[in-house]
Amino acid sequence: MAPHRVGHPQQHHGRHSAAWQPAGEADRSLGTGLGHPEIDEDGRAMTTTELAQARERSTPPPDDGFAPGQSMTRLLRPHLRSFAAVMILQVVGAVAGLAPLLAVVELGRTLLSPGPIDHGHVWTVVIAGAAGFFVRLLFTAASSGIGHVLDGQVQLTFRRQLAARLGRVPIGWFSRRRTGELAKVVGEDVSAVHPFIAHTPGELVAAFVVPLVSLIYLFTVDWRLTLITLIPVVLAVALVPLMMTPARLREQEEFDAAMGRIANSVVEFVQGISVVKAFGGSERAHRRFRTAVDDFAGTFLRWVRGISPIAAGMQLALSPPFVLLVVLIGGATLITNGSLAAADLLPFLLLGLGLTAPVAALGHGFDDMQAARRAVGRIRDVLGVQPLPEPAHPVAPQGHRVELRDVRFGYEADHEVLRGIDLVLEPGTVTAIVGPSGSGKSTLVQLLPRFFDPTHGSVVLGGVDLREVGSRELYRTVSFVFQDVRLLRASVADNIALAVPHADRDDVVRAARLANIHDRILELPRGYDTVIGEDAGLSGGEAQRISLARALLAATPVLVLDEATSFADPQTEQAARRALATLGGDRTILVIAHRLETVADADNVVVLENGAIVERGRPAELLAQDGKFAAFWRSHRSAITQGDESR
């Protein structure tokens, strides 16, 4: 859903006092605090430095439990007991798992030794081996169960932190991020910690404990053959650093980035397929998707070519045939020269194979750790996005006069999009912003609902800097309708009443009528109860009218429209203008306009160029000046005339 946040209905009266208003006024919870942001508690005018210090003091620390630089270790700190239990249970289970192998070895040596067989000893060995087997099952199952519960808790913590942080970051931040990449962080990257939490600890413990216990036992049998048995393990471990070189790590990062590009291209392709096909751009859209797939294939092949020889070498060194070959050659040599009894070869044949399995698991554990490290890094990047500071003592605006005072803003430090904007929006007026693409129109209107804070200057609402207004109060005062509309997978009525969830159905219907969408809603399978995205879909223009109805129902004192009827047909455009005129009253309306009818109905027009205001005034006055606005008017009038002649 596009950024669209609106407030509760309020009664406003002015030159359009007969305008319809939603029945009932929502309860308002007003903050108390410092007073006017430029006046201190003693009534003295505050300097710029004092004002900045007051704002700094009023900014509370983030409340989502995350601080930049937080590591996986800190994340697991609340779960250390569970994590320790997983490790201890796995250690006991791994050691107990050696009991059946040691029992077989002891039985072989007992049965092959000269002299009578001690049946009591044989049964003792068998029982000990069986007991070890069941202890291994019990403890490893308990370790796995606790590990998976711990994994669920950690993932829940991640998702709660992400939800909390994403709910507090500037809304404008979303407009500069690709949907697919963000979805990958919230979905795939959070899930990527599963192996690290639920499986890797047990595998790593087994990789160290089992070889250690096995080696201690084998050294007591014959130290020379023990060293020979370790040759495959040493060869495999020697190859591990080759998998951690900067080139291999860079290939892994490129692989992850390529996966993110595929996810994003799929989202864009699916969401825009109807528009793409309608305007004959399917080949271009397919080409973009194929490019992402081809890039992924190339990246994947480079990664495979780099890591395959190393992985193949490790698998060969740890393969049972190679291990048995090394042990048999070494054992046969020692047996033939009389240095080793034939029965003593048996434990090396059994435990030698047991040495390789944990080391192989160790390789997979490192893979999981690296994947989790990269995933956690991307999650930390999102969690590290600084939210817009909230005032500790919010100040309620006194009225809804809007002022932009020497506003400067840039998405990058070295490039300003807005340069010294001074603008006043009076209550009861409609101000239209026009200008060429890239002039800063959308950026300007996004400052009013505080999607961003200006890098210099201030945006003042009712005499209060927006940075001193609490977000709840701000969105009770300012609503907005943008070009890129996203509707919830909910009923049409719920989508319209998003800002006023307890609104009566009659109020919802009145807002839909004003937005010229009521008749279309009645054509849907279940009318206002139709679930968008399940029962039916809506066109871009229809979605914009739903969004407009939402703003009309909220009836906030300040309304911002960014190309809000760009998908609409002329009849809908006319209906929308009538709705705005009816809604007017003493509301402050700021609209980005591309159609002459919208501009002509405005009280004031502001012409932007290269991030600065080059003209302002009433439409008739600006036409008489024969400047930038007059050129804009003539070009659009000419386009309309040519369109009429072509028909």
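The values are calculated or read from the model by the stated rules, or taken from the named source; none is laboratory data. The structure presented is a predicted model; accordingly, all values stated were derived computationally and were not measured. Here the Cβ positions follow ideal geometry from the backbone for every residue, glycine too, while neighbour counts run over all protein chains shown. Note: areas computed on protein heavy atoms with side chains; ligands, DNA, RNA excluded. Shrake-Rupley method; radii C 1.70, N 1.55, O 1.52, S 1.80 Å.
With respect to (1) crowded, with 20+ Cβ neighbours inside 10 Å; (2) modelled with pLDDT of 90 or more; (3) under 28 Å from Lys628 (Cα atoms), the lone exception for Lys441 is condition (2). No other residue among Pro427, Pro449, Pro454, Pro436 is open to solvent by less than 10 Å² (accessible area, probe 1.4 Å) and either among the hydroxyl-bearing types (Ser, Thr, Tyr) or touching a residue at least 12 places away in the same chain (Cβ under 8 Å) (or both) apart from Pro449.
On inspection, Arg74 fails the criterion of being in a helix (DSSP H, G or I), at pLDDT below 85, open to solvent by 50 Å² or more (accessible area, probe 1.4 Å) and over 21 Å from Arg373 (Cβ atoms).
Please name all residue pairs, on different chains or six or more residues apart, with Cβ atoms under 9 Å, provided the first residue is in the range 155-183 and is over 18 Å from Ala372 (Cβ atoms) and among the aromatic types (Phe, Trp, Tyr) and the second residue is open to solvent by 20 Å² or more (accessible area, probe 1.4 Å) and at pLDDT below 70. Close Cβ pairs satisfying both conditions: Phe174/Pro3. I need every pair where a residue in the range 516-544 that is more than 13 Å from Leu488 (Cα to Cα) and without any contact (Cβ under 8 Å) to a residue 12 or more places away in the chain has its Cβ under 9 Å from the Cβ of a residue that is part of a helix (DSSP H, G or I) and of a type in the set (Lys, Arg), sequence separation at least 6 or different chains. Qualifying pairs under 9 Å: His518/Arg510; Asp519/Arg513. Regarding the range 243-253, can at least one residue be identified that is surrounded by 18 or more Cβ atoms within 10 Å (Cβ to Cβ), closer than 13 Å to Gly306 by Cα and touching a helix residue (DSSP H, G or I) at 6+ places or on another chain (Cβ under 6 Å)? Scanning the range 243-253 turns up at least one residue that is surrounded by 18 or more Cβ atoms within 10 Å (Cβ to Cβ), closer than 13 Å to Gly306 by Cα and touching a helix residue (DSSP H, G or I) at 6+ places or on another chain (Cβ under 6 Å). Comparison of Gly420, Gly470 shows that the only residue that is surrounded by fewer than 21 Cβ atoms within 10 Å (Cβ to Cβ) and closer than 26 Å to Pro619 by Cα is Gly420. As a summary of the residue check, Val402 satisfies the conditions (1) open to solvent by less than 30 Å² (accessible area, probe 1.4 Å); (2) modelled with pLDDT under 90 except for the one numbered (2). Here Ser175 meets each of (1) touching a helix residue (DSSP H, G or I) at 6+ places or on another chain (Cβ under 6 Å); (2) modelled with pLDDT under 80; (3) of a type in the set (S, T, N, Q) with one exception, condition (1). Within the range 214-228, can one find any residue that is modelled with pLDDT under 85 and open to solvent by 40 Å² or more (accessible area, probe 1.4 Å)? No, there is no match, as no residue in the range 214-228 is modelled with pLDDT under 85 and open to solvent by 40 Å² or more (accessible area, probe 1.4 Å). Considering only the range 264-285, I want to know if a residue exists there that is crowded, with 17+ Cβ neighbours inside 10 Å and modelled with pLDDT of 75 or more. Checking the range 264-285: not a single residue is crowded, with 17+ Cβ neighbours inside 10 Å and modelled with pLDDT of 75 or more. Per the conditions (1) in a helix (DSSP H, G or I); (2) more than 30 Å from Leu249 (Cα to Cα); (3) not hydroxyl-bearing (Ser, Thr, Tyr), the sole criterion not satisfied by Gly457 is (1).
Restricting attention to the range 597-612, does a residue exist that is over 15 Å from Ala511 (Cβ atoms), among the hydrophobic types (A, V, I, L, M, F, W, C), part of a helix (DSSP H, G or I) and modelled with pLDDT under 90? For the range 597-612, residues over 15 Å from Ala511 (Cβ atoms), among the hydrophobic types (A, V, I, L, M, F, W, C), part of a helix (DSSP H, G or I) and modelled with pLDDT under 90: present. Output the residue which, of all residues in the range 514-550 that are in contact with a helix residue (DSSP H, G or I) (Cβ under 7 Å, 6 or more places away or on another chain) and of a type in the set (Gly, Ala, Ser), is farthest from Val478 (Cα to Cα). Filtering first and then ranking leaves Gly527.
Taking the range 308-346, which residues are outside any loop (DSSP other than H, G, I, E, B) and either touching a Phe, Trp or Tyr at 6+ places or on another chain (Cβ under 7 Å) or of a type in the set (Ser, Thr, Tyr) (or both)?
Ser308, Leu316, Val327, Gly331, Thr333, Thr336
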